[in-house]
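Asker: Pasting in a structure now, in structure tokens, and then I'll have a few things to ask.
The values are calculated or read from the model by the stated rules, or taken from the named source; none is laboratory data. Owing to the predicted nature of the structure, the values given are computational and were not obtained by experimental measurement. Neighbour counts run over all protein chains shown; Cβ positions are idealised from the backbone, glycine included.
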Amino acid sequence: MQPGELSAQPGTLFGEEQTARFSEAATTSKLGVHFRVGASLVADDNVNASTFKRKSDLILSVAPTVLIQLGGGESELAVTAIYTPAGVFFLEHSSQNSFDQVGSIEAKYHISRLTLGLHLSASSVTGSNLDVGDRVSRNSYYAGLTADYAISDKTSVELNADYSLSEYSGLLGSRGTRVECFLNYLIDPKLKVGVGGGIASLDVDAGNAQTSQQWLVHAIFSPTPKTSINVSAGGEFRQISGAPDRGPDPVFSVGAAWMPREKLTVTIDARRRTYGSAALTGQNYEATGVIAGVTGNLTHALNVSLAIGYEHDEYQSAMTGVVATRRDDYWFVRPGLDWRISPRFGVGIFYEFSTNQSSGEGSRPFDRNQTGLTANYSF
């Protein structure tokens, strides 16, 4: 989860679920170009996600998507590129109109015992943000490299490195780097475990330099063909120039998927991580969040979904002389209904309620209701 991700649920345009369904449908060939166009009409009673600047509006969004795929299957090289531009139009507050863009490239190369991976992404999006408590423009960039070398049939070494950059209009940007290394062991075909650690740095505008070290244990468990669990947990030590050291603090991530029966899927994603605040100078916040989702087919063409999420943010001083007292408790619930009219065309309806119980200096409380209609067509 990105900073403030729970408070900015685009869903109809850039949602992971919608992108995954499109990508899955488009990955049947070794080389291809695929197109999709999506549109949404959303009634939002608090477009800024703010108590103090509350505005309601009717928002129209139109977003074409192009997906280019090379390789896949048994080939050594597989590359997938996705690009989505979006026009967002406000009926009453036209000054809020925006042109958003999201793009990514993923590549995987496998030869003998070595598997290399590359992930690049960039986005320029305007939307509400939990940390800021307002509608803001953000440019984000990410570059990640992975390498996995099989020492034997059961033992492997994994190396991961990434760089991320977030830039805000009129707010505090941040830059982060991270390097991790794991020694993995395949206990049996259903369970792989690993131990390792990593080092990271975080640089926030107008803030002090930060470094951290993590020790981690992770496991990938697939007890049945319809169940998968990916868990990583450990501790973190953090050093901040000009401020007291922290740690050990717990860190974790959990991803799980379960298909109790055909056409019914249950997912859970949870994690705890430290971010630099874009709104409050000299402060970090520890974000602990979980999202649970259920999707299922009522009929061959009718699909129902329900997503529930919660995030607790605890702000901490990252600079001498700064006292951090803000606490956020954010949650949302989002039911939806999708109707696949034809193999290429579908429509949907959703409702989302979200609220943030925020206290302390710089608090950003709000509540919000969104009701929307969606449509998409794949070429």
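Asker: Does the stretch 319-330 hold any residues that are touching a Gly at 6+ places or on another chain (Cβ under 6 Å) and surrounded by fewer than 18 Cβ atoms within 10 Å (Cβ to Cβ), and which are they?
Answerer: THR320, VAL322, THR325, ARG327
Asker: Another question, if that's okay. Would you check if ALA206 is exposed (fewer than 14 other Cβ atoms within 10 Å of the Cβ), in contact with a Leu (Cβ under 7 Å, 6 or more places away or on another chain), of a type outside the set (Val, Ile, Thr) and within 25 Å of ARG238 (Cβ to Cβ)?
Answerer: Yes, satisfied.
Asker: Hey, any hits in the stretch 142-151 for a residue that's part of a loop (DSSP other than H, G, I, E, B) and surrounded by fewer than 17 Cβ atoms within 10 Å (Cβ to Cβ)?
Answerer: yes
Asker: Another question, then. Only one of ASN303, ASN297 is within 30 Å of ILE349 (Cβ to Cβ) and surrounded by fewer than 16 Cβ atoms within 10 Å (Cβ to Cβ); which?
Answerer: None of the others qualify; the one that does is ASN297.
Asker: Could you grab the pairs with beta carbons closer than 8 Å, sequence gap of 6+ or different chains, first residue in the stretch 289-301 and at negative phi and touching a residue at least 12 places away in the same chain (Cβ under 8 Å), second one loosely packed, with under 13 Cβ neighbours inside 10 Å and of a type in the set (Gly, Ala, Ser)?
Answerer: Close Cβ pairs (under 8 Å, with a partner that is loosely packed, with under 13 Cβ neighbours inside 10 Å and of a type in the set (Gly, Ala, Ser)) do not exist here.
Asker: For the stretch 161-186, give me each residue that is among the hydroxyl-bearing types (Ser, Thr, Tyr), under 16 Å from ALA209 (Cα atoms) and surrounded by fewer than 17 Cβ atoms within 10 Å (Cβ to Cβ).
Answerer: Answer for the stretch 161-186, where residues must be among the hydroxyl-bearing types (Ser, Thr, Tyr), under 16 Å from ALA209 (Cα atoms) and surrounded by fewer than 17 Cβ atoms within 10 Å (Cβ to Cβ): TYR163, THR177.
Asker: Output the residue which, of all residues in the stretch 246-280 that are acidic (Asp, Glu) and in a strand (DSSP E or B), is surrounded by the fewest Cβ atoms within 10 Å (Cβ to Cβ).
Answerer: ASP249
Asker: Let me ask something else about it. Restricting the stretch 73-120 to residues that are among the polar types (S, T, N, Q) and in a strand (DSSP E or B), which is surrounded by the most Cβ atoms within 10 Å (Cβ to Cβ)?
Answerer: THR84
Asker: Identify, from the list ALA292, ALA279, the residue that is in contact with an Asp or Glu (Cβ under 9 Å, 6 or more places away or on another chain) and over 27 Å from PHE237 (Cβ atoms).
Answerer: Being in contact with an Asp or Glu (Cβ under 9 Å, 6 or more places away or on another chain) and over 27 Å from PHE237 (Cβ atoms) holds for just one of ALA292, ALA279, which is ALA292.
Asker: Shifting gears a bit: What do you reckon, is GLU180 assigned to a strand (DSSP E or B) and closer than 30 Å to GLY133 by Cα?
Answerer: No.
Asker: Across the stretch 49-67, what is the number of residues that are within 23 Å of the chain's Cα centre (by Cα) and at pLDDT below 95?
Answerer: Adding up the residues that qualify gives 2.
Asker: Cβ-Cβ below 6 Å, separation at least six or inter-chain, first residue in the stretch 338-362 and surrounded by 13 or more Cβ atoms within 10 Å (Cβ to Cβ) and in a strand (DSSP E or B), second at pLDDT 95 or above and polar (S, T, N, Q): which pairs?
Answerer: Once the first residue is surrounded by 13 or more Cβ atoms within 10 Å (Cβ to Cβ) and in a strand (DSSP E or B) and sits in the stretch 338-362, its partners that are at pLDDT 95 or above and polar (S, T, N, Q) give ASP338/ASN303; GLY346/ASN376; GLY348/THR374; TYR351/THR371; GLU352/GLN370; PHE353/ASN369.
Asker: Being of a type in the set (A, V, I, L, M, F, W, C) and not in a loop (DSSP other than H, G, I, E, B) is the requirement here; does VAL323 meet it?
Answerer: Criteria not met by VAL323.
Asker: Given the options ARG273, ARG246, name the one that is under 26 Å from LEU130 (Cα atoms), basic (Lys, Arg) and more than 22 Å from the chain's Cα centre (by Cα).
Answerer: Going through ARG273, ARG246 in turn, just one is under 26 Å from LEU130 (Cα atoms), basic (Lys, Arg) and more than 22 Å from the chain's Cα centre (by Cα): ARG246.
Asker: Of the residues ALA219, ALA243, ALA233, only one is over 13 Å from GLY197 (Cβ atoms) and either part of a strand (DSSP E or B) or free of Cβ contacts under 8 Å to residues at least 40 places away in the same chain (or both); which?
Answerer: ALA219
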